[in-house]
Number of protein chains: 2
Amino acid sequence: MPTIHDVAKKAGVAPITVSRVINNSGYVSDHVRTKVNAVIDELGYVPNVIARSLKSKRTNTIALVITDITNPFFNILARGVEDAAFKAGFNVIICNTDESQEQEDNYIQLLLQKRVDGILLVPAETHSQSIELLRKHNTPVVIIDRYVENGGVDVVRGDSESGAYQLTKFLIDLGHKRITLLSGPDTVSTSIDRVRGYKQAMCDHHLNEFVDYFYGKYSQESGAQLTREIFSRKEKPTAIFGGNNLVSIGALSALRQMGIKVPDDVAVVSFDDIPESLSYDPFMTVISQPPYAIGQKATEILVSRIKNDQDVPVEFQEVVFPVELIVRESSGGKVN
Amino acid sequence: MPTIHDVAKKAGVAPITVSRVINNSGYVSDHVRTKVNAVIDELGYVPNVIARSLKSKRTNTIALVITDITNPFFNILARGVEDAAFKAGFNVIICNTDESQEQEDNYIQLLLQKRVDGILLVPAETHSQSIELLRKHNTPVVIIDRYVENGGVDVVRGDSESGAYQLTKFLIDLGHKRITLLSGPDTVSTSIDRVRGYKQAMCDHHLNEFVDYFYGKYSQESGAQLTREIFSRKEKPTAIFGGNNLVSIGALSALRQMGIKVPDDVAVVSFDDIPESLSYDPFMTVISQPPYAIGQKATEILVSRIKNDQDVPVEFQEVVFPVELIVRESSGGKVN
DNA sequence: CTTAATTATGGTACCGTTACCATATTATCA
DNA sequence: TGATAATATGGTAACGGTACCATAATTAAG
């Protein structure tokens with residue numbers, strides 16, 4: 001593979017001159033420029049950005065550390081990231097942690113070695129030592145989807161608390177009292193916020209005695225299992241609030257197995273929508289977050305951090321996207 | 001950020017010795033090793049793999065160039081790639097081309113500059129100059145999901161032709177004659193193969209006169225639009241065969257808008273399943289491909305190509321995964 | 001016409017690692 | 001006991017670029 005030296009030699013100039021042609025920097029005569037470009041084409045020379053990075057200390061690469069690219073929320077978010085990154089001249093390395101702190105740590109270590117210019121992180125736990133580590137190495141981070149206890153980071157997320165409140169209130173207004181929330185891990189801010197919003201709504205409507213929620217996992221299995229457990233109790237809920245799309249789908253499939261009809265026997269509502277491009281007949285009443293916009297915004301902030309390197313320390317932002325209640329069939333109608 | 005020299009200085013040894021400690025290579029006394037490791041921890045030294053790459057000419061990074069990470073087929077495939085890559089010690093850069101040859105070219109150029117060790121490519125067109133370019137630069141490629149006219153590449157894909165045949169035959173066995181196939185772009189091997197399998201099935205059952213197919217795009221909009229066009233003709237089909245999941249969902253939504261009932265008024269079948277984790281009530285009769293396995297296998301082949309660098313030229317493989325017919329409601333029952 | 005500014009090009013060193021070779025010390029063996 | 005091998009460590013150069021400084025040639029200015 002030819003190097004800048006090969007090109008220089010063949011064109012009869014110094015390597016630095018070729019560098020100037022490639023980067024359109026400094027002074028180069030038209031005559032030399034033409035000659036050099038001709039040689040570049042002839043040899044099929046492609047600049048080695050590794051070498052460039054070593055000098056410039058920039059890799060033009062960012063990393064997106066999420067739990068699972070397979071989750072529609074995250075893959076749409078990833079698309080928002082990729083589009084914004086490409087526009088800004090960055091490539092994106094994708095890492096799946098499956099909510100495992102250990103896997104997150106592994107990746108952060110690798111990414112530090114790779115000297116990525118910045119990291120978009122969905123942290124596995126609310127107290128993130130990853131952030132401290134990255135700070136120590138001057139690697140900009142933007143936290144997505146969740147917030148953390150550590151201060152001094154940019155955060156871009158949806159409004160889980162308000163969303164949960166709205167969804168719960170919606171059910172209450174329909175006449176539901178026994179509403180069970182199947183939340184995610186209690187180490188994750190979204191799970192906690194959703195519980196908080198739910199509790200607040202129950203409390204505001206004097207339904208404290210009916211407050212009933214579980215922390216589990218953000219997975220189909222967790223949703224299904226918790227649903228089975230709930231329906232094995234004496235008091236059955238009249239409504240189930242799934243902590244995210246996977247949990248809710250798990251709940252629905254468990255209910256179907258048990259022969260319980262939705263929404264006739266029990267109402268089901270959910271956090272996170274299934275993209276309309278994937279469901280031929282949207283059925284679930286949901287709180288919908290804008291994953292594409294979240295990914296895009298987070299990337300823009302990260303890029304600005306990367307570029308502003310040594311500038312005046314701009315204040316850290318917390319961007320909270322509003323969420324939207326979408327009413328469909330699964331929540332059913334008024335309850336007496 | 002500390003370098004190997006800083007560590008060496010502080011530990012009172014030469015940089016090369018630190019290198020030996022990091023890489024567990026050569027001879028290092030226990031005493032020195034302990035000392036060096038202590039300094040590494042103290043300074044928070046993280047090896048710079050950029051510099052390492054410059055020497056070793058390995059980046060431990062591969063790229064996955066797909067059309068759209070948002071498509072469930074590709075995001076599950078991406079997960080298979082990421083898992084296999086991580087296991088082999090590689091990171092994955094994701095690139096979305098949206099079926100645009102221009103965007104593909106852009107990315108290939110960037111990836112060459114980045115000196116990725118290999119590329120997994122879903123080519124936009126059947127004659128791929130990307131492959132020639134990569135070959136010229138000695139960058140291993142594995143083609144996924146589609147085949148190309150150029151020889152001398154590894155290909156990992158699903159069996160579109162047989163799948164389309166099975167699906168068409170299934171409809172024919174139900175008594176359908178007027179079966180319309182809404183395929184993808186005619187520049188893409190899967191679209192062409194699906195048409196071929198469909199035609200073959202029609203032909204084998206003496207339904208040549210009913211052969212009716214369209215090349216469009218692999219998108220919801222394309223599916224919806226073609227469906228509207230078809231139903232504005234005098235002769236309406238009794239079954240629609242969507243070229244992929246997005247096309248089929250587009251078809252379903254167009255049918256719903258027109259008040260045409262599925263499967264009562266028209267049967268609908270599709271290539272590519274929606275993962276069960278995303279659909280609470282699977283409805284569509286489909287041919288299902290194994291995207292995770294495809295991604296995984298392709299990555300394994302790519303990694304072996306990368307590692308075998310200068311070995312005897314192993315013959316190129318074409319791995320064709322079998323597909324599976326999954327019968328659900330959308331195809332309805334026997335037709336008289 | 002001298003001086004200064006602009007244009008054009010090149011030399012050298014360095015970014016952070018590691019391969020290769022050299023050297024020194026200790027252990028092993030005939 | 002001297003020779004050989006194994007162990008332990010370091011010096012130097014190179015990977016492929018570019019920043020910085022220097023120099024030469026041309027143009028503009030006074």
> How many nm is it between the label spots at B:Leu54 and A:Asn37, if each spot is 7 Å from the Cα in line with the beta carbon?
Replying inline: 2.9 nm
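When the gyration tensor of chain A is built from Cα positions, what are the square roots of 5 times its three eigenvalues, in whole Å, from largest to smallest?
51, 20, 16
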> Percent of alpha carbon pairs in segment B:274-336 separated by more than 17 Å?
Replying inline: 60 percent
>> What are the extents of the Cα atoms of segment B:4-47 along their three principal axes, in Å, largest first?
In response: 23, 18, 15
>> Percent of Cα-Cα pairs more than 22 Å apart in segment B:1-91, please.
In response: 48 percent
> Is segment A:169-280 best put as rounded, prolate or oblate by its Cα gyration tensor, with a ≥ b ≥ c the root eigenvalues, rounded for a/c under 1.5, and otherwise prolate when a/b is larger than b/c, oblate when not?
Replying inline: rounded
> How far, in nm, would the chain grow between A:Glu149 and A:Lys234 when pulled straight, counting 0.36 nm per residue and subtracting the alpha carbon separation?
Replying inline: 26.7 nm
> Measuring label to label, 7 Å along Cα→Cβ, what does B:Ala38 give against each other copy in nm, shortest first?
Replying inline: 6.4
> Given the Cα-Cα distance of B:Ile326 and B:Arg135 and 0.36 nm per residue of separation, how much length would full extension add, in nm?
Replying inline: 64.8 nm
> Hey, how many Å between the Cα centroid of segment A:8-75 and the Cα centroid of segment B:117-195?
Replying inline: 33 Å
> Taking a 26 Å limit on the Cα-Cα distance, which of the listed pairs A:Lys57/B:Lys114; A:Lys169/B:Lys261; B:Lys217/B:Lys261; A:Lys217/A:Lys307; A:Lys55/B:Lys35; A:Lys261/B:Lys236 fall beyond it?
Replying inline: A:Lys169/B:Lys261; A:Lys217/A:Lys307; A:Lys55/B:Lys35; A:Lys261/B:Lys236
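Could you work out, residue by residue across B:45-56, how many beta carbons of other chains sit within 10 Å of that residue's beta carbon, and then give the average as an integer?
Numbers: counts 0, 10, 3, 7, 6, 13, 5, 2, 6, 5, 1, 0.
Per residue, the number of nearby Cβ atoms from other chains is 5 on average.
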>> I'd like the distance between the alpha-carbon centres of segment B:234-271 and segment B:272-336, rounded to an integer number of Å.
In response: 23 Å
>> I want to check the label-to-label distance for A:Lys87 and B:Ala293. Put each point 7 Å from Cα in the C-beta direction and report it in nm to one decimal.
In response: 4.0 nm
> So, with +1 on the Cβ of K and R and -1 on the Cβ of D and E, and no other charges, what is the size of the charge dipole of segment B:4-47 about its Cα centre, to the nearest 20 debye?
Replying inline: 120 debye
> What gaps in nm, shortest first, separate B:Gly89 from its twins in the other copies when you place the label 7 Å past Cα toward the beta carbon?
Replying inline: 3.3
> For A:68-79, what's the mean count of beta carbons from other chains sitting within 10 Å of each residue's beta carbon?
Replying inline: 5
> Can you list residues whose amide H is under 5 Å from A:Leu181's amide H, if they're 5+ apart or on another chain and H is modeled 1.01 Å from N?
Replying inline: A:Asp212, A:Tyr213, A:Phe214, A:Phe241
> What is the Cα coordinate range of segment A:211-336 on the first, second and third principal axes, sorted by size from largest, in whole angstrom?
Replying inline: 61, 29, 27
>> How would B:Lys35, B:Lys136 line up from fewest to most surrounding beta-carbon atoms within 10 angstrom?
In response: B:Lys136, B:Lys35
>> Going 7 Å from Cα along the Cα-Cβ axis for the label, what nanometre distances separate A:Gln317 from the same residue across the other copies?
In response: 4.7
> Can you sort A:Leu182, A:Leu112, A:Leu325 by how many other beta carbons sit within 10 Å, fewest first?
Replying inline: A:Leu325, A:Leu112, A:Leu182
>> Please compute, over every Cα-Cα pair in segment B:90-165, the percentage with a separation greater than 19 angstrom.
In response: 34 percent
> Across peptide B:129-136, what mean number of C-beta atoms from other chains lies inside 10 Å of a residue's C-beta?
Replying inline: 1
>> Testing the spin-label approximation: label points 7 Å from Cα along Cα→Cβ at B:Val211 and B:Asn24. State their distance in nm.
In response: 6.1 nm
> Based on the alpha-carbon gyration tensor of the protein assembly as shown and its eigenvalue square roots a ≥ b ≥ c, which shape applies: rounded if a/c is under 1.5, prolate if not and a/b is larger than b/c, or oblate?
Replying inline: oblate
> Of the peptides A:269-275, A:96-102, how do they stack up when ordered by the mean number of other Cβ atoms within 10 Å, highest first?
Replying inline: A:269-275, A:96-102
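Give me B:Tyr198, A:Tyr165 ranked fewest to most by other Cβ atoms within 10 Å of their Cβ, as a rough exposure proxy.
A:Tyr165, B:Tyr198
Here, each number is a calculation from the coordinates, and none is a lab measurement. Treat the numbers as computed from the prediction; the structure is a model and nothing was measured. With ideal geometry, Cβ positions are generated from the backbone for all residues, glycine too; neighbour counts draw on all protein chains shown.
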